[in-house]
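Worksheet for the structure shown next.
Rule-based calculations on the coordinates, nothing more; no lab input. Not measured: the values here are computed from a predicted model. Using ideal geometry, Cβ is built from the backbone for each residue, glycine included, and neighbour counts are taken over all protein chains shown.
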Amino acid sequence: MTLIKSISGIRGTIGDPIGQGLTPMDIVESVAGYGQWLLKQRPGRRPSVVIGRDGRMSGEIVLGLAIHTLRMQGIDVYDADLSTTPTIEMAVKWYKARGGIIITASHNPADWNALKFLNHRGEFISAQDGEHILDTIKEREMSFAEVENLGRYQRIEGLIERHIASILDMEWVQQEAISKKKYHIVVDCINSTGALSVPPLLEALGCTYTLINDTVNGRFEHNPEPLTKNLQSLSRKVVTEHADLGIAVDPDVDRLVFMNENGTPFNEEYTLVAIADYILSLNSGDTVSNLSSTRALADITIKHGGEYHASAVGEVNVVALMKSTNAVIGGEGNGGVIVPPLHYGRDALAGIALFLSGLAKRGGRISQWKEELPHYEMYKDRLDLNDEWNLDAMLEQLAQKYQGEAEVLTIDGTKILFKTAWVHLRPSNTEPIVRIYTEAKTSSEAKQLAEQFKAELLNLA
């Protein structure tokens, strides 16, 4: 039973009481708050919004509530229905809309859903704009249109095809080279819109494929977060199919993970690292990832003559730093790849095309590529938040304790960088938990570091 209203949108569980989950009232007032923000940007002019959803069971209902709320405010709606997050981001610019809404709870389980709000650039709204929307909702300052001025509705088709065409037009995508390799790939579509978007991309790249979990019904066959522990069926299928590699995406297709030809994980942290290795070999420059991402990206960037930059966690923070540093490539260690020539948003489809381009260029097996990348082991843990904790004070105490023996960063929680390892402690943006991420040269060292700091947090509680 969870409801989270934050600067990045609204997220919660379906079917719980008011105030304890994502109810129709929460959906309507949140969309109306966003709509009011759009209306205030250009008074007297009718804005438009592109809206789409992933394959969740509640998606069609949430979509309907959102569409009708916007139209009641006098806002025109372009309805893409089933789509992907990166596709909707690009469509905002294609249709010259003032904003966009993506209905997806991303990696959360099937009983969750969420509203993610975009600006006129097809990018997630800023923290300042998010605060404005939250204030509007709190003060109930939403207005609605007279009957003669209700928003217009238009169903739009062909967005995924247009998205794929844009990917294939990128100079870094080696369509012919990939086609010559005749890769056979197993794809875990996690019962969502990956089943509608990944197959046509692979066909365009000349690959054959086997799909699993490809019924778009939102009844996820496993936990939808594309982590190794959730991808055992993909691992087995890659081996039995004698496939060249496996691919897993999350329900809204902005996160991407690969599986080696022998069924071992390529590792979500290395999706961005490998793609950066390929792109920087063609176009040297700077890179960006968030504080919770692997150090391997910094190593690869330096190897190719660029400079690495770390941002606070959150796509909007990564994008802002990418723009200010003119980064060539960036993203997040959760399998999110952001390619500026295409758009400033995590894009699993673009990631697939670029990864296959790099694999085709270098030749050999996917596992060989992984072995040649800098090696680190990451461990990810969590603590449920207690309402009585003063988490900010706890993290500040840890920062002060280690200030003399390590580099300490406090732009997002507390990150402590030792000589050959690091730990990052921060409250989640999407769940009522404290995330504890560590990285070291060995898995045992990373786990031990996480257990040490988990105990230290509990001692401070």
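Hey, got the dipole for the chain? About the Cα centre, +1 on K and R Cβ, -1 on D and E Cβ, debye to the nearest 20? Intermediate values should be presented prior to the final figure.
Details: 45 positive and 60 negative charges, 157 e Å.
Its charge dipole is roughly 760 debye.
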Ranking 281, 144, 25 by how far each Cα lies towards the positive end of the charge dipole of the chain (+1 on Lys and Arg Cβ, -1 on Asp and Glu Cβ), the top one is 281
Taking a ≥ b ≥ c as the square roots of the eigenvalues of the Cα gyration tensor, with a/c under 1.5 meaning rounded and otherwise prolate when a/b exceeds b/c and oblate if not, the range 273-408 is prolate
Under the 7 Å Cα-to-Cβ spin-label approximation, residue 154 and residue 302 lie apart by a distance in nanometres of 5.1
A convex hull over the alpha carbons of the range 345-413 yields, per residue, a volume in Å³ of 186
The range 377-460 -> Rg/Rh from Cα coords, Kirkwood Rh, value 0.94
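Of the listed peptides 351-362, 139-150, what is their order by residue-averaged count of other C-beta atoms within 10 Å, with the highest listed first? Before the final figure, lay out the partial values.
Working: 351-362: 23.4, 139-150: 11.3.
Per-residue mean Cβ counts within 10 Å order the peptides as 351-362, 139-150.
Once the piece of chain linking residue 229 and residue 406 is laid out straight, how much longer is it, given 0.36 nm per residue of separation minus the C-alpha distance between them? Can you show the working numbers first?
On the way: separation 177, 0.36 × 177 = 63.72 nm, distance 3.19 nm.
Using 0.36 nm per residue and subtracting the Cα-Cα distance, I get 60.5 nm.
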With -39,500 (n - 2.57) per DSSP H segment of 4 or more residues and division by the full residue count of the chain, the 222 nm estimate, nearest 500 deg cm²/dmol, is -12000 deg cm²/dmol
With a ≥ b ≥ c from the Cα gyration tensor eigenvalues, square-rooted, and the rule rounded for a/c under 1.5, otherwise prolate when a/b > b/c and oblate otherwise, the range 3-157 is rounded
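Could you sort out which of 138/380; 116/138; 93/323; 182/361; 40/138; 370/447 sit more than 24 Å apart by Cα distance in this structure? Walk me through the numbers on the way to the answer.
Values: 138/380 35 Å; 116/138 18 Å; 93/323 18 Å; 182/361 13 Å; 40/138 17 Å; 370/447 22 Å.
Listed pairs above 24 Å: 138/380.
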Counting all Cα-Cα pairs in the range 162-372, those more than 20 Å apart amount in percent to 53
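Students often check this: by mean Cβ neighbours within 10 Å, which of 246-258, 3-15 ranks highest, and how do the rest follow? Mind dumping the intermediate values first?
Working: 246-258: 29.6, 3-15: 19.3.
Going by the mean number of other Cβ atoms within 10 Å, highest first, we get 246-258, 3-15.
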Any aspartates and glutamates whose Cα falls less than 14 Å from that of residue 180, other than same-chain ones fewer than 8 residues away, would be 203, 244
Simple spin-label estimate for residue 179/residue 382, 7 Å along Cα→Cβ, in nm, reads 4.4
Contour minus Cα-Cα span, residue 25 to residue 141, at 0.36 nm per residue, comes to 40.2 nm
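Which whole number in µm²/s is D for the chain by Stokes-Einstein, with the Kirkwood Rh taken over Cα pairs at 37 °C and 0.692 mPa s?
145
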Projected convex hull area of the range 79-126, Cα atoms, direction-averaged, in nm², equals 3.5
Here, residue 323 and residue 217, labelled 7 Å along Cα→Cβ, have an inter-label distance in nm of 4.3
Expected sort for 399-407, 382-390, 22-30 on mean C-beta neighbours within 10 Å, highest first, is 22-30, 399-407, 382-390
